[in-house]
1. How about region 1-36: which of its residues are more than 16 Å from ligand 2 (Cβ to nearest atom) and of a type in the set (Lys, Arg)?
2. Can you name every one of the helices (runs of 4 or more DSSP H) wholly within region 81-141 that holds 3 or more residues which are open to solvent by 20 Å² or more (accessible area, probe 1.4 Å) and either within 13 Å of ligand 2 (Cβ to nearest atom) or at pLDDT below 95 (or both)?
3. Just one of (1) of a type in the set (Gly, Ala, Ser); (2) surrounded by 15 or more Cβ atoms within 10 Å (Cβ to Cβ); (3) in contact (Cβ under 8 Å) with a residue 40 or more places away in the chain trips up residue 30, so point out which.
4. So in region 1-23, with the set limited to residues that are of a type in the set (A, V, I, L, M) and open to solvent by 30 Å² or more (accessible area, probe 1.4 Å), which one is nearest to residue 95 (Cα to Cα)?
5. Taking the condition basic (Lys, Arg) and either under 14 Å from the mean Cα position of the chain (by Cα) or within 14 Å of residue 10 (Cα to Cα) (or both), does residue 140 pass?
6. I'm trying to understand the selection: among the residues of region 26-49, which are within 15 Å of the chain's Cα centre (by Cα), over 16 Å from residue 113 (Cβ atoms) and hydrophobic (A, V, I, L, M, F, W, C)?
7. Would you confirm whether or not region 75-90 contains a residue that is of a type outside the set (Asp, Glu), out of contact with any Gly (no Cβ under 6 Å at 6 or more places or on another chain) and within 12 Å of ligand 1 (Cβ to nearest atom)?
8. For region 48-80, enumerate the residues that are part of a helix (DSSP H, G or I) and of a type outside the set (Phe, Trp, Tyr).
Amino acid sequence: MSVERTLSIIKPDAVSRGLIGEILKRFESAGLKIAAGKLLRLTRERAQSFYAVHKERPFYASLCAYMSSGPIFVSVLEGQGAIMRNREIMGATDPAKAAPGTIRRDCGKDVEQNAVHGSDGPETAATEIAFFFRPDEIFRY
Ligand code: DAT
Ligand code: MG
């Protein structure tokens, strides 16, 4: 397995409940390094752009309203197989169906307010990292 980078977002529901530290600790405990990070708030338009792949889905408008409702913490995670490793730590999309010990099971509220986002493959990881970070903002370990 090669060293990969993936984009993580700690979503508004988790930031508002003071869970940034708890979630970053889980990434670090799993051996993922934080190569970049910042707190920001998306405009509605930026949220629509980030989730454009879902624009035909019934939950798209609600998702974009929610993702622009407050600050988010975006980070680049780096490590062996980081993309799938992060998805494992996150758990299934719906917190009620996520495995015990996963971030979504422990920190998510419902299928929309599910605490974290993680890139789902190498191409989306590259696109999503570039959506938030310039190359010089990403640390090279
Ligand atoms: P994931 O975030 O696990 O990659 P996804 O890409 O299918 O899941 O969906 C993106 C986000 O959209 C998800 O984190 C929360 C929201 N979402 C997905 N399915 C939903 C549903 N049935 N109702 C409401 N929001 C949903
Ligand atoms: Mg997805």
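The values are calculated or read from the model by the stated rules, or taken from the named source; none is laboratory data. Note that the structure is a prediction, hence the values are computed from the model and not measured. Cβ placement follows ideal geometry from the backbone for every residue including glycine, while neighbour counts extend to all protein chains displayed. Note: accessible area is taken over every heavy atom of the protein model, side chains too, but ligands, DNA and RNA are not part of it. Shrake-Rupley method; radii C 1.70, N 1.55, O 1.52, S 1.80 Å.
1. So the first thing to find is which residues in region 1-36 are more than 16 Å from ligand 2 (Cβ to nearest atom), and the list is 1-5, 12-36.
Once the filter is applied, which keeps residues that are more than 16 Å from ligand 2 (Cβ to nearest atom) and of a type in the set (Lys, Arg), region 1-36 yields 5, 17, 25, 26, 33.
2. The helices (runs of 4 or more DSSP H) meeting that bar are 122-132.
3. (2)
4. Per the criteria, the residue is 19.
5. Numbers: basic (Lys, Arg): yes; either under 14 Å from the mean Cα position of the chain (by Cα) or within 14 Å of residue 10 (Cα to Cα) (or both): no.
No; evaluated as a whole, the condition is false for this residue.
6. Passing the criteria: 27, 32, 34, 35, 36, 39, 40.
7. The answer is yes, given that some residue of region 75-90 is of a type outside the set (Asp, Glu), out of contact with any Gly (no Cβ under 6 Å at 6 or more places or on another chain) and within 12 Å of ligand 1 (Cβ to nearest atom).
8. Restricting attention to region 48-80, the residues satisfying the condition of being part of a helix (DSSP H, G or I) are 48-50, 52-54, 60-67.
Scanning region 48-80 gives 48, 49, 52, 53, 54, 61, 62, 63, 64, 65, 67.
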